[in-house]
Number of protein chains: 2
Amino acid sequence: MATITVPQVIPSPTEDADALMKAFQGWGTDEQAVISILAYRDAEQRKQIRLAYQEKYDESLLQRLQSELTGDFQTAMCHWVLDPVERQAAMANAATKCIHEEYPVIVEIACANSPTELLKVKQAYHALYKCSLEEDVAASAPAGNLRSLLLALVSTYRYDGEEVDGGLARSEAELIHEAVKNGENGTTDDGELIRILGTRSKAQLGATFSCFRDEHGTTLTKALRRGSDPTGYTRALRTTVRCVWDANNYFVKVLRNAMHESAGTDEDSLTRVVVTHAEKDLRDIKDVFRKTTSVALEQAIAKETSGDYKTFIVALVGSQ
Amino acid sequence: MATITVPQVIPSPTEDADALMKAFQGWGTDEQAVISILAYRDAEQRKQIRLAYQEKYDESLLQRLQSELTGDFQTAMCHWVLDPVERQAAMANAATKCIHEEYPVIVEIACANSPTELLKVKQAYHALYKCSLEEDVAASAPAGNLRSLLLALVSTYRYDGEEVDGGLARSEAELIHEAVKNGENGTTDDGELIRILGTRSKAQLGATFSCFRDEHGTTLTKALRRGSDPTGYTRALRTTVRCVWDANNYFVKVLRNAMHESAGTDEDSLTRVVVTHAEKDLRDIKDVFRKTTSVALEQAIAKETSGDYKTFIVALVGSQ
C-alpha cells in the first residue's frame, strides 16, 4: 500500500501550476509551498500539473524545479515529479554509468518489480534513450560475472505464477551450493548460479533458497563468501538473493544502512526507496521497519535528515 | 504481405464447424473438404471456428484433426489451426526438448519476430507452460556457448528503432573479428560476441555486419569457422547472423535446403516456414525465392511434395 495522502478536494492542474509559479517568483523560492502541493498529488495528478505548467508558462516544470531547488531536496523532488516508469528508466540509465557503486539500482528494478513492471521500464527506456536497457547494462562493465548477472536479471521475462517444483528447487539448491563452494576455492565461472537467478520465477527461487537453508543450515546470503570482492559481484549476488526472496525486508535493510549513524546518512538511497515506493508499497515496508527496529520509519528519517529535504521525505512517508 | 486468400463471402463459424464435422464423418475423412475450409480462413476466423466447433460438438477441433489426419498433413494442419502466437510458443517448447537439432526454431522466434512479437510469444509461453521460455531454453543444453547464445537471444527485449551508431558498429565489428579469430585458435569464451548479438538492435547489428564485410572482405557468416562443431554453436551463430541480417533471405535458404533433392524433402522445415509466414510475410519471401532461384515457390513445393500435404501447403503459399 501507498503512504502518500491526497486531499479529498484538490485544485485543478492549472491552479496547482499557478501556485507553483507563485512559489518560484519573488525573493527566493517558497519551498514549503512547493512541498505542500507536489507531495500530496499522485502520479496522474503530477502529470496533469506538468502538462498544465508547460502549457501555461511555456517552460518545463522539471527544469524550473532543477533551477529553483538545491541539494538532496532538489534530487528528491525532481525524481518525484517524474512519471514512475520513466523515473525508474532514468535511475537505471544513471546507474549504468557507475555500475560498480550503483548495481543495487539495477537489481531492484529487475527483481523488486513484477515482470510486467520491469517490461514497462524497459519500454520507457527504449523511448527515452533510443536503445535497450540490456545494451547499456552490457556495456556498463567489463566481461565477467558481475556483468553476466546484471544482464541476465534485466533481460529475462520471468514467469510470474505461484507454482513451485519441489524437486527442481532441491536440485538447483544443490547446484547453487556447488557454485558457492567453488567460489570459495577461487573458481569463478558462475554460469549455473546466474542461469538459475536469471531465469526462474520468484516463487521457484524462494523455494530453492528455502531448500538451501534447510539442507545447509545457513541462508544463501550468509553462505556467499565475504572478503575480497573487487568487482562487486558477490555483493550484487547477495543483493539479488535478498531482493528476490523478500523485497520488503530488503528495502528495510537499505533504509537502515542509509541511516546508519557511524557512516552518515546516505540520502541517495533513502530518496530512491522513499520516492520509488511512496505511492506503491511503502506502507508494507514501514510495517516491516517498525517490527525490525521498534522505531517508526518517519521518526528514524526525521532524526537523520533536516530542512526542506526532511519535510518533503517525511510527507511522502506519511505519519500513519 | 500474406499469401493466403479468404473468400469475400464466408460461411458463419458454426456453418464451417458443421462442414468440418461432415468431412470427419462416414467412411474416411474428406481431407479436400477440410483443406477447402481451413486453408482459406485467417487466424481470427479459425479461432471462431474452433470455438463454434467446441461449443456445438463438445470436443476439441484440434484433437479431432489429430485423430482424423496423418503424417505431414496432420502436423501442418494442426499447427495451422492454432493461434499464431500460441503456435510459436508450442514450436519453441518442442524445440527446447531437442535443442541441438531444433535450435533454428528458437533463433527464428527470437530474431525474425519484432521485439513486440517475441514478447507476445513469451507471454503465451507463460500461459501455456506455467514457466518462462528463458527457463526452458536455459535447461535445454549443458552450460556453454550454445546455451548462452540461445538464452541471450530469447531473453533480450531489443530496441526496435532505426538509429545506428557508426562508431559503435566499427568497434563492435572489430570485437567480433577478434572473437572469430580466437575461435579459429580454439579459444571458446565468446562472451563479447554473444553480448553484441544478444543485446543490440537489428538495425545496429546490420551496420556492424556491413562494417565487418567492408573491413575484412568477407561476410561474417563465411568467416565463422567450418569444421568440427560438436555442440552446434557455430551453426547457431551463422543461423543468428543470417536471420538478423535479412530474414527473407534466411527463410529462402531454409526453404531451398528443405527441398534439396539429394537429401530428400525436409517437410518439418517446409511446414514451419509456410505455416508461420503464410498470413504474415510469405509473399515477400516468395519474391526473394523467385529472384534467387528463377522458380516460383509454389512450383518448387508442388514438385517436391504430394497428396493432401501438397494440396494444403500449395493453398497456403498461393498462386500469385
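Can you tell me how many residues within the range B:106-147 are over 17 Å from A:Tyr159 (Cα atoms), touching a residue at least 40 places away in the same chain (Cβ under 8 Å) and acidic (Asp, Glu)?
Residues flagged as over 17 Å from A:Tyr159 (Cα atoms), touching a residue at least 40 places away in the same chain (Cβ under 8 Å) and acidic (Asp, Glu) within the range B:106-147 amount to 1.
Would you be able to say whether some residue in the range A:131-148 is in contact with an Asp or Glu (Cβ under 8 Å, 6 or more places away or on another chain), among the aliphatic types (A, V, I, L, M) and outside the structural domain of A:Thr276 (by TED's automatic domain parsing)?
Yes, because at least one residue in the range A:131-148 is in contact with an Asp or Glu (Cβ under 8 Å, 6 or more places away or on another chain), among the aliphatic types (A, V, I, L, M) and outside the structural domain of A:Thr276 (by TED's automatic domain parsing).
Report, by residue number, each residue of the range A:106-127 that is open to solvent by 40 Å² or more (accessible area, probe 1.4 Å) and of a type in the set (Gly, Ala, Ser). Outline the logic, then answer.
Taking the range A:106-127 and keeping what is open to solvent by 40 Å² or more (accessible area, probe 1.4 Å), we get A:116-117, A:120, A:123, A:127.
Residue satisfying the conditions is A:Ala127 alone.
Out of (1) surrounded by 14 or more Cβ atoms within 10 Å (Cβ to Cβ); (2) more than 27 Å from the chain's Cα centre (by Cα), what's the single condition that is false for B:Asp214?
Exception for B:Asp214: condition (1).
Within the range B:188-200, does at least one residue satisfy the condition of being more than 24 Å from the chain's Cα centre (by Cα), more than 11 Å from every other protein chain (Cβ to nearest Cβ), closer than 20 Å to B:Lys222 by Cβ and open to solvent by 30 Å² or more (accessible area, probe 1.4 Å)?
So the first thing to find is which residues in the range B:188-200 are more than 24 Å from the chain's Cα centre (by Cα), and the list is B:188-192.
Within this subset, residues satisfying the condition of being more than 11 Å from every other protein chain (Cβ to nearest Cβ) are B:188.
After this cut, where a residue has to be closer than 20 Å to B:Lys222 by Cβ as well, the list is none.
For the range B:188-200, residues more than 24 Å from the chain's Cα centre (by Cα), more than 11 Å from every other protein chain (Cβ to nearest Cβ), closer than 20 Å to B:Lys222 by Cβ and open to solvent by 30 Å² or more (accessible area, probe 1.4 Å): absent.
May I ask you to say which residue of A:Arg235, A:Arg256 is modelled with pLDDT under 95, assigned to a helix (DSSP H, G or I) and closer than 30 Å to A:Trp80 by Cα?
Working: A:Arg256 fails: modelled with pLDDT under 95.
Result: A:Arg235 is the single residue among A:Arg235, A:Arg256 that is modelled with pLDDT under 95, assigned to a helix (DSSP H, G or I) and closer than 30 Å to A:Trp80 by Cα.
What's the number of the condition B:Leu224 fails, among (1) closer than 26 Å to B:Asp83 by Cβ; (2) in contact with a Lys or Arg (Cβ under 6 Å, 6 or more places away or on another chain)?
If we test B:Leu224 against (1) closer than 26 Å to B:Asp83 by Cβ; (2) in contact with a Lys or Arg (Cβ under 6 Å, 6 or more places away or on another chain), just (1) comes out false.
Which residues, taken from the range A:307-320, are hydroxyl-bearing (Ser, Thr, Tyr) and modelled with pLDDT of 95 or more? Steps first, please.
Of the range A:307-320, the ones hydroxyl-bearing (Ser, Thr, Tyr) are A:309, A:311, A:319.
Result: A:Tyr309, A:Thr311.
Whether any residue in the range B:20-30 is surrounded by fewer than 20 Cβ atoms within 10 Å (Cβ to Cβ), in contact with a helix residue (DSSP H, G or I) (Cβ under 6 Å, 6 or more places away or on another chain) and part of a loop (DSSP other than H, G, I, E, B) is what I want to check.
The answer is yes, given that some residue of the range B:20-30 is surrounded by fewer than 20 Cβ atoms within 10 Å (Cβ to Cβ), in contact with a helix residue (DSSP H, G or I) (Cβ under 6 Å, 6 or more places away or on another chain) and part of a loop (DSSP other than H, G, I, E, B).
Scan (1) within 13 Å of chain A (Cβ to nearest Cβ); (2) touching a Leu at 6+ places or on another chain (Cβ under 8 Å); (3) open to solvent by 10 Å² or more (accessible area, probe 1.4 Å) for the single condition B:Tyr103 breaks and write down its number.
(1)
Whether any residue in the range B:260-268 is within 13 Å of the chain's Cα centre (by Cα) and not assigned by TED's automatic domain parsing to the domain that holds B:Arg147 is what I want to check. Lay out the reasoning, then the answer.
As a first pass, look at the range B:260-268 and keep what is within 13 Å of the chain's Cα centre (by Cα): B:268.
This time we only want the ones that are not assigned by TED's automatic domain parsing to the domain that holds B:Arg147, so: B:268.
Among the residues of the range B:260-268, at least one is within 13 Å of the chain's Cα centre (by Cα) and not assigned by TED's automatic domain parsing to the domain that holds B:Arg147, which makes the answer yes.
Name the single residue, out of those in the range A:129-151 being away from chain B (no Cβ under 11 Å) and part of a helix (DSSP H, G or I), that is farthest from A:Thr199 (Cα to Cα).
A:Leu146
Can you pull out the residues in the range A:89-105 that are closer than 17 Å to A:Leu237 by Cβ and over 12 Å from the mean Cα position of the chain (by Cα)?
Answer for the range A:89-105, where residues must be closer than 17 Å to A:Leu237 by Cβ and over 12 Å from the mean Cα position of the chain (by Cα): A:Ile99, A:His100, A:Glu101.
The values are calculated or read from the model by the stated rules, or taken from the named source; none is laboratory data. Only a predicted model underlies this, so the values are computations on that prediction, with no experimental measurement involved. Every residue, glycine as well, gets a Cβ built from its backbone with ideal geometry; the counts of neighbours run over all protein chains shown. Surface areas here come from the heavy atoms of the whole protein model, side chains and all, with no ligands, DNA or RNA. Shrake-Rupley method; radii C 1.70, N 1.55, O 1.52, S 1.80 Å.
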